[in-house]
1. Just the number please: accessible area per residue for the chain, 1.4 Å probe, all protein chains included, in Å².
2. If each of LYS12 and ASN41 carries a label point 7 Å out from its Cα toward its Cβ, how far apart are those two points in nm?
3. For the chain, please report how many Lys pairs fall under 25 Å Cα to Cα, leaving out neighbours fewer than 8 apart on the same chain.
4. Please work out how much accessible surface ASP28 shows to a 1.4 Å probe, ignoring ligands, DNA and RNA, in Å² rounded to 10.
Amino acid sequence: MEKLIQNQKLRKKDAIQCSDESIQLYEDEQKSLQGKLQKLNEKQQDLAMK
């Protein structure tokens with residue numbers, strides 16, 4: 001019984017870690033997209049000034 005409880009705790013810990021890694025990937029992707037959007041906005045402003 002105790003081994004089963006330990007296994008469940010481990011699975012929960014793995015799920016949390018997996019979730020944290022997914023969130024980190026999402027945040028990295030979001031930063032990347034924000035950077036690209038900023039560059040596009042700057043190009044658009046440059047073109048508008050010409």
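The values are calculated or read from the model by the stated rules, or taken from the named source; none is laboratory data. Remember, it's a predicted structure, so these values are computed and weren't measured experimentally. A quick note on method: Cβ atoms are made from the backbone with ideal geometry, for glycine too, and the neighbour counts reach across all protein chains shown. Note: areas computed on protein heavy atoms with side chains; ligands, DNA, RNA excluded. Shrake-Rupley method; radii C 1.70, N 1.55, O 1.52, S 1.80 Å.
1. 104
2. For the pair LYS12/ASN41, the computed spacing is 4.2 nm.
3. Number of lysine pairs found: 6.
4. 70
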